[in-house]
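To keep things clear, I will list the structure first and then write my remarks on it.
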Amino acid sequence: MNIWWIFLFAAIGTYLIRISGVVLLRDPERIPAPIRRALTMVGPAAMGAIIVNSLFLDHGEWRAFGAWHIAAAVAIGVALWRRSQGWSMLAGALTFAALIATAL
């Protein structure tokens, strides 16, 4: 089979999967309430998976304890204290930058 046919079918399949979300979610009242509640958690769950993956793994190997973990702990502490996403990210980023600058 020609490789271009495979690309074409993959593109069509991907497009159909993407457009199905638009079609299904056009009228949110048609979606059952438990599914709507579950869909609101998809974004936070995906972000949590990305953060945990980058915090504990480095190119498939376990990451040694260091600046990443300390900065994450500071960010979590500020998030619990201030209840502000912006302050939490700023504190984590500044802590990480300071730790990297001091070669920890």
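The values are calculated or read from the model by the stated rules, or taken from the named source; none is laboratory data. Here the structure is a predicted model, which means the values were calculated and not measured. The protein model used for the area step is the full one, side chains on, heavy atoms only, and it has no ligands, DNA or RNA in it. Shrake-Rupley method; radii C 1.70, N 1.55, O 1.52, S 1.80 Å.
Annotations
- Accessible area per residue for the chain is 82 Å², calculated with a 1.4 Å probe on protein heavy atoms, without ligands, DNA or RNA.
- The chain - percent of accessible surface contributed by carbon and sulfur, probe 1.4 Å: 73 percent
- For region 80-90, 3J(HN,Hα) per residue [Karplus equation, 6.51 cos²θ - 1.76 cosθ + 1.60, θ = phi - 60°, Hz, x = Gly/Pro]: 6, 7, 8, 6, 9, 5, x, 5, 5, 5, 5
- Nonlocal amide H pairs with ARG63, under 5 Å, H built at 1.01 Å: LEU57, ASP58
- Within a Gaussian network of the chain (alpha carbon springs, distance under 10 Å), most fluctuating of GLY66, GLY21, GLY43: GLY21
- Shown here: P(r) over Cα pairs in 10 Å bins from 0, in percent, derived from the displayed model; of the candidates (1) 13, 35, 39, 13, 1; (2) 13, 25, 14, 11, 10, 10, 8, 6, 2, 0; (3) 12, 25, 22, 23, 16, 3, it corresponds to (3).
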